[in-house]
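Before any comments, here is the structure.
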Amino acid sequence: MLPEDRSIDPPLPPQSGRTARAASAADTSLGEEDGVAFWLGFDASSIGTAVFLARARAAAGTRIPPHWHSHDTIAYLMDGRCVFRSGAGLEDVHEMETGDWLFVPAGLVHVEETPDDTHGDFLYARDGGGGTTTYLDD
């Protein structure tokens, strides 16, 4: 619950010289590869922020192989379902549905899978401009 004044932190002074920006889905599309479509909303290169915000939509029956990210990730499943596996032997399993949130610490090896009957449409954010993703042998 937000405090009575509806703020989370003390208010910041107005920022001079900065403006709001909008970006269309068409302008932010990075294309599709192996059943996953990507959109890069905003990052350090596009607006000079340290926050990375993107979207990934995995087609039904897609498996993203084992990988890890150099920065913490927060993801929100906007639509569909997904199975997230991590930990030793990928034995920690989180079955996600529309509206679920996921936190993935930097360096955690994980796999994402969508069931054969539905897609998974995620928004995800990272600090540090997005960092890097390292894929491992499957």
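The values are calculated or read from the model by the stated rules, or taken from the named source; none is laboratory data. Everything quoted here is computed from the prediction, not taken from an experiment. All Cβ positions, glycine included, derive from the backbone under ideal geometry; neighbour counts span all protein chains shown.
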Quick one: which of Arg85, Arg126 is buried (at least 16 other Cβ atoms within 10 Å of the Cβ), of a type outside the set (Phe, Trp, Tyr) and modelled with pLDDT of 95 or more? Arg85
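Where in the range 59-136 are there strands (runs of 3 or more DSSP E), lying fully within it, with 1 or more residues that are of a type in the set (S, T, N, Q)?
In the range 59-136, the matching strands (runs of 3 or more DSSP E) lie at 73-86, 133-135.
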Considering only the range 88-108, state which residues are of a type in the set (Val, Ile, Thr) and touching a His at 6+ places or on another chain (Cβ under 7 Å). Val104
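Look through the range 28-48, keep the residues that are free of Cβ contacts under 8 Å to residues at least 12 places away in the same chain and touching a strand residue (DSSP E or B) at 6+ places or on another chain (Cβ under 9 Å), and return whichever of them is surrounded by the fewest Cβ atoms within 10 Å (Cβ to Cβ). Explain how you work it out, then say what you get.
Residues of the range 28-48 that are free of Cβ contacts under 8 Å to residues at least 12 places away in the same chain, as a first pass: 29-33, 48.
Then drop every residue that is not touching a strand residue (DSSP E or B) at 6+ places or on another chain (Cβ under 9 Å), which leaves 29-32.
Details: Ser29: 13, Leu30: 12, Gly31: 8, Glu32: 11.
My answer is Gly31.
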Within the range 18-46, the count of residues that are farther than 23 Å from Gly61 by Cα, in a loop (DSSP other than H, G, I, E, B) and not hydrophobic (A, V, I, L, M, F, W, C) comes to 5
Quick check on the range 98-123: of everything there that is under 10 Å from His71 (Cα atoms) and under 14 Å from the mean Cα position of the chain (by Cα), which residue is surrounded by the fewest Cβ atoms within 10 Å (Cβ to Cβ)? Pro105
